[in-house]
Structures are given as C-alpha cells and as structure tokens.
Amino acid sequence: IYVYMAVAIVIANIQVIKAVQFNVYPNPVALGTVVFASTYLCTDILTEYYGRVFARRGLWLGFCALSLSTILMTVTLGFAPMTAEQAASGDMAWALPNHDAMMNLFKPAPALLVAGMTAYITSQYNDIWIYLLVRRLTGTKHLWLRNNVSTMVSAFIDNTIFSVLAWVVFAPQPVG
C-alpha cells in the first residue's frame, strides 16, 4: 500500500494536466483526481488494519515521493538539451523534441505545487481523523460508512483548499 500511495501521488500530479470527459459527469475532469482519490482508500485501509501511525507514514511517504520526483525532474530540466548539430554527430537525434515535452509535463508551477501539497497533507490527515472518529462512534460495524464519510469529507476539503489556493490566492489573475 505504501508503494502504491507513493506512485499514485506522483502519477496523479502528472495526469492532472490532462482533462477528460466522463459520461456520468457533465464537466471535464482533471484525470489526476481519479488516481488521487484512490489514496483515500489506502489511508483508510492502513488506518483500519494498522492504525493512525501507519496511515500517517503512508501519507508522508507519498509527500516525500512527490517532493523528490519534483526536485529530480526540476534538476533534469535545468540541463540544456543537445543541439541539432550535436544530435547529428551521434545516434541521439530521436531525443531532440523530448526536452520540450518534458518541460510541458514536469516544469513545476510553484503555485500549483504549494496548493497541491497543502491540500494533500490537510485532506489526508483529515481522512485519517474522520475515519477514526466514525470508527469510535460505530465500533467495528459499518466499515462502508467510515470509508465513505471520511473519503467524501476529505475529498471536499482537498478540492476546496487546492482550488482556493491555486486559483485565487496564488493565481496571477485570480478567478472571481
């Protein structure tokens, strides 16, 4: 579950730049939100079977994975790509367009990064807290209830924090 959480957070932050249209929802959706939502199930499973400490460990592993991947890709983007003349002298001409593609995928937008990380940490901590609260109130019964309530509330918190920070607080032209 830890490995999945780390990979899912990194992948969700790459997929978030692709918008898709689902038949069940009238508006386009950033694809990364689908994978990101599965991380709530991970923290719920960890909380249910191993407790708060293990769930929080998974949360922080995901945070570290995203931070490390962002740092590594930022360093990668800092290297100047080879020129057409350099590519012509070897067998690397296929790599010429890759720098621009990588820039489109991995150039971190500081506002989105801070908004996403803040929303992630806050919503995941909330997911664990609400899950345990509902479990305390219902005992070992109603697993479906604690899973769904904690996920719905946490997803709402995540979307609210991210949207306010990314599109209002940090945006160069805030959405009104």
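A short reminder: the numbers here are calculations on the coordinates, not readings from a lab. Quick caveat, the model's predicted, so the values are computed rather than measured. Methodologically, a virtual Cβ is constructed for each residue, glycine included, from the backbone with ideal geometry; neighbour enumeration extends over all protein chains shown.
Worth pointing out:
- Value of relative contact order over region 10-75, rounded to a whole percent, pairs C-alpha under 8 Å and six or more apart: 25 percent
- Label sites at Thr74 and Thr118, each approximated as a point 7 angstrom past Cα along Cα to Cβ, lie 1.7 nm apart.
- Percentage relative contact order, the chain, counting C-alpha pairs under 8 Å, at least six apart: 21 percent
- C-alpha long axis of helix 2-15 to longest principal axis of the chain, angle in °: 50 degrees
- Residues considered: Ala109, Ala88, Ala101. Largest GNM mean-square fluctuation over the chain, using C-alpha springs under 10 Å, is found at Ala88.
- With Cα atoms, 0 to 90° folded angle of helix 52-78 axis to the chain main axis: 10 degrees
- Among Gly51, Met102, Val168 the positive-end extreme of the charge dipole of region 38-172 (Cβ point charges): Gly51
- Selected from Ala115, Gly78, Thr39, residue furthest toward positive end of dipole (the chain; charges at beta carbon): Thr39
- Each residue of the chain gets 149 Å³ once the volume of the Cα convex hull is shared out per residue.
- A crude spin-label estimate for the pair Ala93 and Val175, with each label 7 Å from Cα along the Cβ direction, gives 4.5 nm.
- Helix 143-164 and the longest principal axis of the C-alpha atoms of the chain enclose an angle of approximately 40°.
- Split the chain at each of the trypsin sites (Lys or Arg not before Pro) in a DSSP loop with at most 12 other beta carbon atoms within 10 Å, and the longest piece is 19-140.
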